[in-house]
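Written out below as structure tokens is the structure these notes cover.
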Amino acid sequence: MVVLAVVVATAGAMGSFAQEPGQDPAAPEKPADAPPATPSEKKPLPKTNKDNATESADDQPKWDPQRAEKDLEVGQYYMRKGDVDAAIDRFTDATVAKPGYAVPFKYLGEAQEKKGLKKPAAKSYQRYLDLYPKAEDAEKIRKRIEKLYKEAEKEKKDIR
């Protein structure tokens, strides 16, 4: 038992002097900012940062089907209360939490339409149809999309 304790203690102490794989233990250490002497000593390029909040920050939403369902419930609550902005936020969170789930896109489209955001609403409805092309209300949603695009174009012409 004593031998085991000495081995573990020695291994733990040696761990603080760990070296990179392939590094010669007899070679002297170079400062981190010293230029590489040979091409083989070049450090690998750092991984590119995908500018994606869900991958680069721990507190950002990630794929979570249960949270998506909860966001839908809360979004519907906000719609009943008349807080369309909060509903849009919740429905958007649901689309991030479960991107392949069609239902949040339909609700998001409804909230955006109610808010007067015609093009975003049409895009949300279209995403709903892309994910669920055989929806019972597919024809109704297609007509809504067409109507929203026509209204958006009309508003665009009125502004000019």
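The values are calculated or read from the model by the stated rules, or taken from the named source; none is laboratory data. In this text the structure is predicted, and so the values were computed from the model without any measurement. When we count neighbours, we look across all protein chains shown, and the Cβ atoms used for this are built from the backbone with ideal geometry, even at glycine. To get the accessible areas, we keep the full protein, side chains included, count just its heavy atoms, and leave off ligands, DNA and RNA. Shrake-Rupley method; radii C 1.70, N 1.55, O 1.52, S 1.80 Å.
Structure summary
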| item | result |
| --- | --- |
| Projected label distance in nm at Ala102 and Glu151, using a 7 Å step from Cα toward the beta-carbon | 2.3 |
| Candidate residues Tyr125, Tyr149: accessible-area rank, largest first, probe 1.4 Å | Tyr149, Tyr125 |
| Accessible surface, 1.4 Å probe, highest first, among residues Tyr132, Tyr101 | Tyr132, Tyr101 |
| In Å, descending, principal axis extents of the Cα set of the range 89-160 | 40, 26, 15 |
| Label-to-label distance, nm, for residues given as Leu131 and Lys70 (7 Å Cα→Cβ offset) | 1.9 |
| Surface share of carbon and sulfur [accessible, 1.4 angstrom probe, percent] for the range 81-160 | 49 |
| Additional length obtainable on full extension of the chain from Lys115 to Lys143, 0.36 nm per residue less Cα span | 8.2 nm |
| Two-site FRET efficiency, Lys62 against Asp83, from Cβ-Cβ distance with R₀ of 30 Å, rounded to 0.05 | 0.75 |
| Note, ³J(HN,Hα) from phi for the range 113-128, Karplus 6.51, -1.76, 1.60, rounded to Hz, x at Gly and Pro | 4, 5, 6, x, 8, 5, 5, x, 5, 4, 5, 5, 4, 5, 5, 4 |
